[in-house]
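The values are calculated or read from the model by the stated rules, or taken from the named source; none is laboratory data. Quick caveat, the model's predicted, so the values are computed rather than measured. Ideal geometry is used to build each Cβ from the backbone, glycine not excepted, and the neighbour counts take in all protein chains shown.
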Amino acid sequence: MKRIIAKITAALCASALFAVPVCAEDAGCVLPSGITAGDLGNALEKLGNDSNTPFASAEVGVFRGGDVLYTGYFGNTDIENDIGADENCVYEWGSISKTFVWVSAMQLREQGMLDLDADIRTYLPEGFFQHLSFDEPITFMNLMNHNAGWQETVRPIETKDDNAVLPLKEALQACEPAQIHRPGEVTAYSNYGAALAGYVVECVSGKDYCDYVHENILEPLGMSHTSVNPTHSDNPWVKEQRRKLKCYRADPISGKMTDLGSRLDYIMPYPAGAVTGTLADMMTYGQALVNDEAPLFRDPETQKLLFTGTSFWGSSDIPNSCHGFWAEEYGVRTYGHSGATNSCQANLIFDPVSKTGLAVMINEPNGNAFMYAAPELVFGKLTPDRFAASGTAGARLTGYYTMSRSTYRGLYRFMPYLTALSLDEPAYDIGNGVYLIGDENGMQMLSDKTYPNGAKALGYGSMELIRDDGYIMELLLLTLYAVLAVAALYFIRIKRKLKKHGRKEPYSGSASMTAGNIALVGSVVTWLGSYVVYYSGNGGLPFAAGAVIGVLQMKCAAVCLFSAVRGIAALASGKEKTRPYRYILNAAANVIAVSAVAYFEMYMFWNC
C-alpha cells in the first residue's frame with residue numbers, strides 16, 4: 001500500500017528536468033529482478049527524460065560484492081545555476097544513519113561490552129528518564145525493534161542555528177516522549193529510541209558517539225566523504241559541499257519545482273538521522289555489509305547474526321526487523337534502511353545472497369520517481385507466489401485504523417485521527433496471519449496482531465495499524481467541536497448586531513451563554529494554533545508554548561462548563577419558558593466542547 005501511494009504520487013507529476021548521462025560499469029550483469037545493469041540504466045534514463053516525472057536530482061548506484069555495476073547521476077542540485085548532480089555531491093541520509101548505531105552496538109556486543117537483552121538503564125546515568133509509565137526493563141533489543149513503548153515526541157528536535165545544537169544527552173532529555181505502551185507490546189518507529197541507542201553506545205564505549213563511528217566504521221572503510229555530526233563539523237569537506245546543495249519540491253499538478261533553498265536543519269538527537277555523504281561512500285558501506293569477510297566486525301558470525309530476524313510478520317518466520325535493519329520483500333528478500341529529512345531522501349538496500357545492493361539519494365523531501373522505481377527495477381516485484389505456489393485474493397481486510405507511530409497522550413492526542421486509514425482491501429492470505437495487498441503496481445505485506453488487552457492491529461513494517469472501532473464517533477466529536485466554534489462565532493456576531501441596534505432581549509443566563517460561546521471559539525483557535533506552532537517549531541512544541549496552550553484550554557473548558565451548568569440551571573428554574581431550546585443547544589454545545597478538550601487531552605502539556 002505504501003508503494004502504491006508513492007507510485008500514484010509520482011504518476012501525478014508533470015515534467016522532468018535535465019538528466020545527466022549515466023555510467024554502467026558492467027552492463028551485462030543480471031540483477032535479481034532478471035534485467036541487466038544495462039537495462040536498468042536504460043530504464044532510469046527513460047525515467048529521467050519522461051516529461052511526466054519532474055524531479056530535481058537523483059543519484060543511483062548498484063553494486064555486487066566489491067564491484068560497482070552501475071552509477072547514474074541525474075538532474076541538478078542547483079537548478080537556477082544549472083549545477084548538475086555528480087560524484088562530489090553530498091545528500092542527507094536521514095534514517096540510514098540509524099544503521100550506524102546498530103552496527104556499533106553489534107561491535108560492542110561481540111566485545112562483551114553490551115548485552116542487547118539487559119535493561120538499558122544499566123548503561124545510562126541514574127535518573128535519566130522522566131516520563132516512563134512502566135517498570136518493565138527497556139532492552140537494547142527493544143530499541144532495535146522500535147517497541148520500547150514511546151509515542152512520537154512533541155518537543156523540537158531540530159534547530160536552524162548551529163550554535164544552538166545541544167549535546168546528545170541534553171538533547172535526548174529535552175525531547176523525551178511519553179511512554180504509552182509496555183516494552184515489547186507495540187511496534188512504533190521511534191527516532192527518539194534510535195538516538196537513545198546511540199547515546200548508549202557513547203556511554204558503553206566511553207567515546208563521543210560521533211568519534212566512535214568515525215573510528216570504527218568510517219575510517220576502516222575509507223569513507224572520507226561522510227559526516228556524522230549534525231553541524232557537519234566533523235568533516236569540513238562535507239560541510240562545504242552540503243551548503244552547495246539546494247532542495248526542491250515538485251508540484252504534483254503543474255510539475256513546477258519549488259526551490260526550498262539549502263534547508264539546513266540540524267538534528268539534535270543526531271544518531272537517528274544526521275549522517276550526510278556521497279553516493280560512493282554509501283555504496284562502500286553497503287558493500288561492507290554484504291562482504292563475507294565482515295570488515296566491520298572481528299568475527300564474520302557477528303555480521304550473520306546482524307541479519308537474523310528479531311521481529312517477525314505474524315506468527316511466520318518472515319523477518320520484519322533484523323537488529324534494527326528492516327527486511328523488505330521484493331522479488332527477493334532485501335535488508336537495509338530508507339531515510340528522509342526536511343531536505344532529502346535516501347535508500348540503501350541489499351540482498352546478502354546475491355550480494356547485490358542499491359543506493360539512491362535525492363534532494364527532494366517528498367520523494368520522486370527514482371526513489372519509487374529503483375528498488376523494483378533492481379530486486380523485482382513482490383508477488384503472492386513468493387510465499388504460496390497458488391493463491392487468490394480471497395481474504396479481505398476492513399476497518400478503521402490509526403497508526404501506532406503518533407501521539408496518543410497530551411496536547412496532540414488528536415493527531416492519530418487526522419491520519420487514520422480506512423481499509424476495505426482484498427488480500428492474499430499467505431498463512432500464519434500474514435497478508436499481501438495491492439496489485440501489479442506493487443504489493444504491501446500486513447499481518448494480524450492481538451495485544452494483551454484484546455485490541456486488534458495489523459503489522460505494517462516499522463509500525464502497526466491499530467484497529468479503532470470507535471473511530472467514527474471520535475472523528476465526529478472532533479468535527480462537531482470545530483463546527484460548533486464556527487456557529488458560536490456566528491451567534492456572537494448576531495448578538496453584537498442586535499445589541500448595537502437596541503433589539504437584544506435580556507434573558508436569564510444570557511451573559512454566561514455569551515461567555516461560553518467566546519470560550520468555545522477561543523478553545524478551537526487555541527487548538528488550531530497548537531497545530532501551527534508544532535509544524536513551524538522545527539517539528540516540535542517548546543514546553544513554555546505548550547504550557548500556555550494547556551492553561552488556555554483549561555480556562556476555556558472551565559468557562560464552557562460553567563456556561564452549560566448556568567444555562568441548565570436557568571432552564572430548570574422555569575423563568576424562561578418561551579425559548580427553552582436555546583438553553584438546551586447552549587448546554588449541548590458546551591458539553592461537546594468540554595468533552596473534546598478532555599477526551600483529546602488538549603490541556604495536557606506535561607508528561608508528553
query = What about A420, is it touching an Asp or Glu at 6+ places or on another chain (Cβ under 8 Å), of a type in the set (G, A, S) and closer than 30 Å to Y73 by Cβ?
reply = no
ask   = Within segment 80-123, which residues are part of a helix (DSSP H, G or I) and without any contact (Cβ under 8 Å) to a residue 24 or more places away in the chain?
value = R121, T122
ask   = Exactly one of (1) surrounded by fewer than 22 Cβ atoms within 10 Å (Cβ to Cβ); (2) assigned by TED's automatic domain parsing to the domain that holds D281 is unmet by G339. Its number?
value = (1)
message = Go through segment 261-283 and report how many residues are more than 16 Å from C89 (Cβ to Cβ) and in contact with a Phe, Trp or Tyr (Cβ under 9 Å, 6 or more places away or on another chain).
response = 6
task = Determine which single condition A327 fails, assuming it passes every other condition in (1) in contact (Cβ under 8 Å) with a residue 40 or more places away in the chain; (2) under 22 Å from the mean Cα position of the chain (by Cα).
result = (1)
key: Residue pairs meeting the criteria (Cβ under 7 Å; at least 6 apart or on separate chains; first closer than 17 Å to G336 by Cα and free of Cβ contacts under 8 Å to residues at least 24 places away in the same chain, in segment 289-302; second among the β-branched types (V, I, T) and outside any loop (DSSP other than H, G, I, E, B))   = A294/T302
ask   = Can you name the number of the only condition in (1) among the aliphatic types (A, V, I, L, M); (2) modelled with pLDDT of 95 or more; (3) over 27 Å from V290 (Cα atoms) that V360 fails?
value = (3)
inquiry  = Return the pair list, or none, for Cβ contacts closer than 9 Å from residues in segment 421-447 that are outside any strand (DSSP E or B) to residues that are of a type in the set (D, E), at least 6 apart or on different chains.
reply    = N432/D317; N432/D448; G433/D448
query = Which of (1) assigned by TED's automatic domain parsing to the domain that holds A457; (2) in contact with a Pro (Cβ under 8 Å, 6 or more places away or on another chain) is the odd one out, the single condition L358 does not satisfy?
reply = (1)
message = I need the full set of residues from segment 247-262 which are at pLDDT 95 or above and at positive phi, in order please.
response = G261
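So, of the residues in segment 290-338 that are polar (S, T, N, Q) and part of a loop (DSSP other than H, G, I, E, B), which turns out to be farthest from A188 (Cα to Cα)?
So in segment 290-338, the residues polar (S, T, N, Q) come out as 291, 302-303, 308, 310-311, 315-316, 320-321, 334, 338.
Next cut, part of a loop (DSSP other than H, G, I, E, B) only: 291, 308, 310, 315-316.
Numbers: N291: 31, T308: 20, T310: 15, S315: 19, S316: 20 Å.
The qualifying residue farthest from A188 (Cα to Cα) is N291.
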request  = Could you tell me which of the residues P177, P156 is within 24 Å of the chain's Cα centre (by Cα) and at pLDDT below 95?
outcome  = P156
key: First in segment 225-237 and more than 13 Å from G273 (Cα to Cα), second anywhere and surrounded by fewer than 22 Cβ atoms within 10 Å (Cβ to Cβ) and among the basic types (K, R), Cβ under 9 Å, 6 or more apart   = S233/K239
